[in-house]
Amino acid sequence: MQKIVPCLWFDGNGEDALKFYTGIFPNSRMTDKQLWGDENPSLKGSLLTAMFELDGQEFMVLNGGPQYKFTPAISMLVRCETQAEVDSYWDKLLEGGGQPVQCGWLTDRYGVSWQVAPMPILRMFQDKDPAKAARAMQAMMKMVKLDIAEVKRAFDGE
């Protein structure tokens, strides 16, 4: 059992978000849910909380109301090994009104921030040659969706 579970607070659309996310990531499912009861007659029968997994990582969704909004101060990092993975997650997370940001970041239609991060690029940043790492970083800083091949060309000095 995972000891620390992120809880995502939604304003009534948590069940939609849960279905959206579990439809994107493999190995994903809802594991438990609780519905509003008599304590809130106007919401009775609608989703209060649910536990779900995204590729084996456990999360909780809470339909808590309009008091809180998501900010980029907290984001979900999606580690990708290939450009095909980057492209797939990028496109799926933007579906339905998401917004691209910069440097591999996007905000989905629910306001949750995501970093679609190609691990080959992150490994370039850790190279022992600081000039190569700097060229890779400079190339990445100009991008919205990250392009592994383009950053690699900069890394190699091409």
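The values are calculated or read from the model by the stated rules, or taken from the named source; none is laboratory data. Owing to the predicted nature of the structure, the values given are computational and were not obtained by experimental measurement. Quick reminder, even Gly has a Cβ in these numbers, built from the backbone with ideal geometry, and neighbours come from all protein chains shown. These accessible areas exclude ligands, DNA and RNA; they are computed on the full protein's heavy atoms, side chains included. Shrake-Rupley method; radii C 1.70, N 1.55, O 1.52, S 1.80 Å.
Summing +1 for each Lys or Arg and -1 for each Asp or Glu, what net charge is found among the other residues whose Cβ lies under 13 Å from the Cβ of Phe125?
That works out to +3.
So who's got an amide H within less than 5 Å of the one on Lys33, skipping anything under 5 residues away but keeping other chains? H placed 1.01 Å off N, in plane.
Met51
Among Asn27, Ala73, Leu43, pick out the residue whose Cα is farthest towards the positive end of the charge dipole of region 1-92, where Lys and Arg carry +1 and Asp and Glu carry -1 on C-beta, about the Cα centre.
Leu43
Quick one: what are the phi-derived ³J(HN,Hα) couplings along region 104-113, Karplus 6.51/-1.76/1.60 with θ = phi - 60°, whole Hz, x for glycine and proline?
Couplings: x, 9, 8, 10, 7, 5, 9, x, 7, 8 Hz.
Taking the 0 to 90 degree range and rounding to the nearest ten, how far is the long axis of helix 83-94 tilted relative to the main principal axis of the chain, both from C-alpha atoms?
40
Work through the residues other than Phe52 whose Cβ is under 13 Å from its Cβ and net out their charges, Lys, Arg +1 and Asp, Glu -1. Walk me through the numbers on the way to the answer.
Working: positive: Lys19, Arg29, Lys33; negative: Glu15, Asp16, Asp32, Glu53, Asp55, Glu58.
Counting the neighbours of Phe52, the net charge comes to -3.
Dipole of the chain, Cα-centred, from +1 at each Lys and Arg C-beta and -1 at each Asp and Glu C-beta, to the nearest 20 debye?
Values: 17 positive and 21 negative charges, 76 e Å.
For this selection, approximately 360 debye.
Check each of the GluC sites (Glu not before Pro) in region 69-141 and keep only those in coil by DSSP with at most 12 other C-beta atoms within 10 angstrom; list them in order.
On the way: sites: Glu81, Glu85, Glu95; in loops: Glu81, Glu95.
Counting only loop positions with at most 12 other Cβ atoms within 10 Å, the GluC sites (Glu not before Pro) in region 69-141 are Glu81, Glu95.
Give me the dipole magnitude in Debye, nearest 20, for region 76-158 about the Cα centre, with unit charges on the beta carbon: positive for Lys and Arg, negative for Asp and Glu. Walk me through the numbers before you get to the answer.
Numbers: 11 positive and 12 negative charges, 49 e Å.
So the magnitude is around 240 debye.
Report the relative contact order of the chain, percent, no decimals, based on alpha-carbon pairs under 8 angstrom and at least 6 residues apart. Write out the running numbers ahead of the final one.
Working: 282 pairs, mean separation 28.4, N = 158.
18 percent.
Where does each of Cys80, Cys7 land when they are ordered by accessible area, with a 1.4 Å probe and the largest first?
Numbers: Cys80 0, Cys7 70 Å².
If we order Cys80, Cys7 from most to least accessible, we get Cys7, Cys80.
For the chain: lysine pairs with Cα atoms under 18 Å, gap of 8 or more or different chains, count? Write out the running numbers ahead of the final one.
Numbers: Lys19/Lys33; Lys19/Lys92; Lys33/Lys44; Lys92/Lys145; Lys128/Lys152; Lys132/Lys142; Lys132/Lys152; Lys142/Lys152.
Lysine pair count for the chain: 8.
If you take the beta carbon distance between Lys152 and Asn27 as r and set R0 to 35 Å, what does 1/(1 + (r/R0)^6) give as a FRET efficiency, to the nearest 0.05?
Numbers: r = 29 Å, r/R0 = 0.83.
Efficiency at R0 = 35 Å is approximately 0.75.
³J(HN,Hα) across region 134-144 via Karplus (A = 6.51, B = -1.76, C = 1.60, θ = phi - 60°), whole Hz, x for Gly/Pro?
5, 4, 5, 4, 4, 5, 5, 5, 8, 9, 9
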